[in-house]
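Inspection log for the structure reproduced underneath, given as structure tokens.
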């Protein structure tokens, strides 16, 4: 088991990383403010699934493969950047709140699944998120304190839970201003431009960094 002191330092490091602006944060804020809390939480669920997958892949050594195969890393990075750009264009071209709940069960359910998929794919296609897991977690693993795989599981659970709590807080905050934005057309335009530009900027950064 990971010692309490190391676990607290690990949580502190995660808090700093999750608080930094990034594509995941932008996507959760945009979805929550435009389409409501339910869709924001669905996006957060997609991110949690992707982070869980990253932890598993890191434990299996896939992150090391990406580091040793630059062409593979570059390929994943370019695909991820293109997907972020695609989402940004969708946001810019869509009418305000156009993807929100419609009252039709089937349509609302599809929109909810779309929110999960966007969160999952945007994170899964970011190789930096995978490398982050493989670089950060080993710093807090001490073989002398017990089975390594158990420590990996413990740290992985903490990583995913902390990310989920942060996404929930973002969704709650952003969804509270949604009703105000609905009654202010200019705010809707600013919202679309802001998040589209942010995601495009992250896409460019991911493609060239």
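By the beta-carbon count within 10 Å of each Cβ, the least crowded to most crowded order of 74, 122, 171, fewest first, is 74, 171, 122. Over the residues of the chain, the helix contribution to mean residue ellipticity at 222 nm works out to -27500 deg cm²/dmol, using -39500 (n - 2.57) for each DSSP H run of at least 4. Between 175, 196, 68, the GNM of the chain built on Cα springs shorter than 10 angstrom shows 68 fluctuating the most.
Computed from label points 7 Å out along Cα-Cβ, the spacing between residue 8 and residue 144 is 2.1 nm. Spacing of the modelled spin labels on residue 165 and residue 194, each 7 Å from Cα toward Cβ, amounts to 2.6 nm.
Nearest 10 degrees, 0 to 90: what angle lies between the long axis of helix 4-19 and the longest principal axis of the chain (Cα atoms)? Roughly 30 degrees, rounded to the nearest 10.
For the pair residue 110 and residue 177, the difference between a 0.36 nm per residue extended length and the Cα-Cα distance amounts to 21.7 nm. In the chain, the longest principal axis of the Cα atoms and the axis of helix 185-208 are about 30 degrees apart.
Projecting label points 7 angstrom from Cα along Cα→Cβ for residue 15 and residue 60 puts them 3.3 nm apart. Going by alpha carbons, how many degrees (0 to 90, nearest 10) lie between the helix axis of 148-176 and the longest principal axis of the chain? Rounded to the nearest ten degrees, it is 20. A straight chain from residue 90 to residue 52 at 0.36 nm per residue would run longer than the Cα-Cα distance by 11.0 nm.
Each value in this text was obtained by applying a stated rule to the coordinates, not by laboratory testing. Everything numeric in this text was worked out from a predicted model, so none of it was measured. Cβ sites come from the backbone with ideal geometry, for glycine too, and all protein chains shown count toward neighbours.
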